[in-house]
Every structure is written in structure tokens, then in C-alpha cells.
Amino acid sequence: MPLPLRLLLGYGKRRPMTATPKLRLGTRRSPLAMAQAEEARSRLCAAHGWDESAVELVPVVASGDRIQDRPLAEIGGKALWTKELDEWLDEGRIDGAVHSLKDVETVRPSFLAIAAILPRADVRDVLVGAASIRAIPEGARVGTSAPRRAAQMLYRRPDVTIVPIRGNVATRISKLAAGEADVTLLAAAGLERLGETGVGTPLETDEWLPAPSQGAIAIECRAYDPQTRDLLSAIDHGPSRAAVEAERALLAALGGNCHSPVAVLTERRGETIALTAALYSADGAERVDGTVTVSPGDREGPTRLAADLLARATAGITVLFAGDR
């Protein structure tokens, strides 16, 4: 009998012949990552009529979780959230990896495929420590290590000071309570998934644009594993996939990386998607924005928008959109 393709190619290890678990899903160990993996497991089991024991969650310590004292952009970018899970997939130690898609690089290894994107949650940011951007005290310290949040805040409130804060939701809230910053910003989707819906004030998208892919959970698997891809595809949410694919196509065309202050919003309009984006200089002093209407799966529209934004952007903006992704 011929060997399976994955073994002939030298990828991974043969899975033991057992009835359960059917799938092993890798995830980071943070509380939010575990909550996202549990949601993925619940949806898979519901879709296939499985008992929960059919999907094993395999926690992996990511480099980004080990290194908390420096901004992500200084220590390796988004790959610090994904490289361990990528390695475990390549070695066959897990069948799929659950990610917060906004933390996944735009360009991924060719042996991986995004097999499912779950229904997207609230895309907004939440302001913690003040009732609104206008209500932030003059000269306040805004705790964030995200270039988008920092630049967008400085654009609206050039009087504030940005102080770097990293860590999971509980860590950042505790740092705020300890006086390391006066206000901070968190993702509404993360708070919702952790059951912390009463924290802070959501910022409406007509005032404050979110990060690309914010609120979206993705499950990656090996591209050459059709059985797993088929099982995961049962929980793929088409509208959410169409939205984040447009946003990621824009990022790819911009040459955006973890240093790039880019904010994006997609809105469904009948059978089309309105894609709005804003690019900033690091200090928030310069901004360029635009909107394009695209059809699901259209990569040319986001590419046109990227070209238009970069053509109209100042040098202080374009210098931040030409690096590794």
C-alpha cells in the first residue's frame, strides 16, 4: 500500500490509530487564545455531531507570550505569535492551529492554508479609563504598544503621551490599575470572549477604525491535508472570510508590517464590500484615507486602494509601508 502524501513528502509524523481525538488543535496558552480555541472546538463538534472529546486542545507557549518587556515590532513582529504553532503543524504534532487573525502575518508559509474563519465578532476597540477620546485628560498617558492605536490616538489627541504596555487583557488592565498609564485600548472581541463585556467604552467605527482582521478567529492546517481541510471547512463563515481576505489583500499590497499604522474597516453592502482604510505617520501628524467597493474574493480592488493611498501619502507615511510582512 503506498504511503500517504504527507509521509512521502517528509512532513510530520504518522498519527496513532485511535478512535479519538479526531483532531488536535494547537493554540497559544493565554486565556483569550484558549477561549478562542474552545469556541472553535464547540463549533466543530456541533457541525459534525461529535462529542467534545473528539477535538483535543494542545496549548503551545508562543515567543510573543514569553517576551513581555518590549514592543512586538522590536522583537520579531507577528511571527512571534505563530512560529511555534507553525512548527508543530509542520511536524505533525497538531492538525490545526487556532489564531486571532489580526496577529497572523500577511504572507504565510506555503505549506499552510487557512481552512476556516469563524463568524467575526465585534471589530471595535474599547477605551478603558475614560468615557470617550475627548474626555481623556490633557497630557494623559495612553498605554499601548500597537502602532495603529498609538498613531490614531496622537492624530486625534496630540497632547497625550504614548507609553508602551504589552500583555494579555488581565495584565494590561492591572497595569492601568497600578498607574502605569491613565487609559488603554483593548479589542471588544477579546473582552467579549473573556466575558468582560462591562469593561470600558466601545469606540464607534465612524470615529475610530479597527485593526485589519480584528475580531476574526482563523484555523490553519497543512495545505496538503485534504481530510483536515474538509473537516474544518464545515465551520468556515463565508461573509467573515470575504471581509478579512479583502483586508489582508490590502495589507499585502501596502507592504504593511507590524510597524505600519494602518486601520481598516469592511462593511457589507448588499453583494459587495465597502473597504475603508487610513494610513498614519508614526507620530499621528499625517493621515491619508480612502474607500473602495469590492466583490468577495476580489484582490484587484484592495490593490487599487493601496496604490491610491500610497500615491497620496506623505513620506512620513510611506516609509512605514515597505517592509517584511
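Bear in mind that the values in this text are calculations on the coordinates, not laboratory data. This one's a predicted model, so the numbers in the text were calculated from it and none came from an experiment. We place every Cβ from the backbone using ideal geometry, glycine too, and count neighbours over all the protein chains shown.
For the stretch 244-318, the alpha-carbon radius of gyration amounts to 1.05 times the rule-of-thumb value 2.2 N^0.38 Å expected for a compact globular protein. Which part of the stretch 167-195 falls in the paramagnetic zone of GLU138, meaning amide N under 14 Å from the point 7 Å along Cα-to-beta-carbon? Answer for the stretch 167-195: none.
The charge dipole of the stretch 125-202, taken about its Cα centre with unit charges on the Cβ atoms of Lys, Arg (+1), Asp and Glu (-1) only, comes to about 200 debye. The lysine pair count for the chain, using Cα distances under 20 Å and pairs eight or more places apart or on different chains, is 4. Per-residue ellipticity at 222 nm from helix content only, as computed over the chain with -39500 (n - 2.57) for each DSSP H run of at least four residues, stands at -9500 deg cm²/dmol. Fully extending the segment from SER295 to ASP283, taken as 0.36 nm per residue of separation minus the present Cα-Cα distance, adds 0.9 nm. For the pair ARG93 and ARG312, how long in nm is the line joining their label points, each one 7 Å along Cα→Cβ? Each label point lies 7 Å from its Cα, and together they span 4.8 nm. Rounded to the nearest 20, the Cβ-based charge dipole of the chain about its Cα centre (Lys and Arg +1, Asp and Glu -1) stands at 500 debye. Solvent-free Debye calculation, one equal scatterer per alpha-carbon of the chain: log10 I(q)/I(0) at 0.08, 0.15 Å⁻¹ equals -0.38, -1.28. Beta-bridge orientation, the chain: approximately 70 percent antiparallel, per DSSP, counting only bridges with both partners inside. For ARG108 and ALA47, the difference between the fully extended length at 0.36 nm per residue and the C-alpha to C-alpha distance is 19.2 nm. Going by alpha carbons, how many degrees (0 to 90, nearest 10) lie between the helix axis of 31-48 and the longest principal axis of the chain? Here the helix axis deviates by roughly 50 degrees.
Dimensions of the stretch 125-202 along the principal axes, based on C-alpha atoms and rounded to the nearest Å, stand at 33, 21, 20, largest first.
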